[in-house]
Amino acid sequence: MTMQTTSVPAGTEETSTARYEVIRQVLHNILVQKRIPQGLVLLEGPLAQLFGTSRVPVRRALSLLHDAGLIARFEGRGFIVAQDEQEVEPLRIALTRELLGLDEEQELVDTRSSGEKVLENLQLVLSTAMVFGCYLVNEQKAAQHYNISRSVVRESLMRLRDKGLVEKEPYSQWLTGPLTAREIADHFEIRTSLEPTALRKAGKHLPVDWLESLLDKIRKYKGKQLTTAELDGLEEDLHIRCLEPAGNKLMMQILQQNQSPFIVTRIFYDLLSIPVETAMLEEHCLVYEMLLKGNWELAAACLRDHLERAQARTLQRLKVLSVLPVPELPSFMEPH
């Protein structure tokens, strides 16, 4: 496995220039493949809302598409899906992802700052490295790797320290790992003690339609190889989002700092490229089903049972990972 890292322009954020090109490319593909009806009216406002941007990059993208002859101007506002001089009746309907044939959950334009992108990538690098040993994180080399200032790297590392992914002793370097069986057992002991209690309090505040949507999503995951984002979302739904309505901020902070079980699971599936275990999905489903029935005590008991079973699975996964080759890591990660 090769660690996917990116170089980000120093001190910059995603600009409207970059965004207009993404929007232009998405719309270009849709138009060339004729996935939208002739005569459809394309307006800046609705498209900006659809792509999650301002109107400026949308305006530029539409102008380029017009120059390419893929859309035309007409007497009304905006552009129309037609050739210049072609007589087509304007079709004014809501511009939705479904209409344009776009994935309902796909992020169309990445509007994050360079710092946010570095934070995400550093989290991936650190969580992978800690499973395979103890590593020093060289701030200066990381800044050079990502082509950003050292202060941005330091801020990201401080945020990841709050998640328990890295530590720093006074006047020393940042250190991550090793993640041991003893540490995983400790993390599960904390989660098993806190999560069922939090779920009892949170249960009555969880929307029925949201719980039903979680059940539907899990059923679609059965027998499927999940992406990192899908796997992370699956775990966060049950172990973080379901517990937040309990209203105990300190408890949630403690749980946020005990993420190592999720890390092992993610890396295990990422390296081996296998479908997620049906048993784990069934356990998630059982908790949601009890919540939908309004039985908070039984839901909490099911969650405790799931955590106890998950501990055994996680320790077994850690054993498997221990005999696999260490993935290629960026040069700023130095074995300690």
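The values are calculated or read from the model by the stated rules, or taken from the named source; none is laboratory data. Note that this is a predicted model, so its numbers are computed, not measured. All Cβ positions, even for glycine, are placed from backbone atoms using ideal geometry, and neighbour counts span all protein chains on display. Ligands, DNA and RNA are excluded from the accessible area calculation, which covers all protein heavy atoms including side chains. Shrake-Rupley method; radii C 1.70, N 1.55, O 1.52, S 1.80 Å.
The number of Lys pairs in the chain with C-alpha atoms less than 19 Å apart, excluding pairs fewer than 8 positions apart on the same chain, is 9.
Other residues whose C-beta falls under 10 angstrom from the C-beta of Arg161 contribute a net charge of +1, scoring Lys and Arg +1 and Asp and Glu -1. Taking every DSSP helix (H) stretch of at least 4 residues in the chain, weighting each as -39,500 (n - 2.57) and dividing the sum by the residue count yields a mean residue ellipticity at 222 nm of -18000 deg cm²/dmol.
Kindly express, to the nearest 10 degrees and within the range 0 to 90, the angle between helix 16-32's C-alpha long axis and the longest C-alpha principal axis of the chain. Rounded to the nearest ten degrees, it is 70. Overall size of region 62-221 from C-alpha positions, given as principal axis extents largest first: 72, 48, 24 Å.
Find the all-direction average of the projected area of the Cα convex hull for the chain, expressing the result in square nanometres with one decimal place. About 20.0 nm², averaged over all directions.
For the chain, the share of DSSP beta bridges that are antiparallel, to the nearest 5, is 85%. Rolling a 1.4 Å probe over the heavy atoms of the protein chains gives the chain an accessible area of 52 Å² per residue.
Summarise the accessible area of the chain (1.4 Å probe, protein heavy atoms) by the percent that is carbon and sulfur.
Whole-percent figure for carbon plus sulfur exposure: 49.
Measuring nothing but how far apart in sequence close Cα pairs (under 8 Å, 6+ apart) lie, relative to its length, region 100-222 scores a relative contact order of 25 percent. Between 0 and 90 degrees, the angle of helix 114-132 with respect to the longest Cα principal axis of the chain falls at about 30 degrees. Once the convex hull of all Cα atoms in region 202-317 is built, its volume per residue stands at 95 Å³. Which of rounded, prolate or oblate describes region 168-254 when judged by the alpha-carbon gyration tensor and an a/c cut-off of 1.5? Verdict is oblate for region 168-254.
Considering only the other residues whose Cβ falls under 10 Å of the Cβ of Cys285, what net charge follows from Lys and Arg at +1 and Asp and Glu at -1?
The answer is -1.
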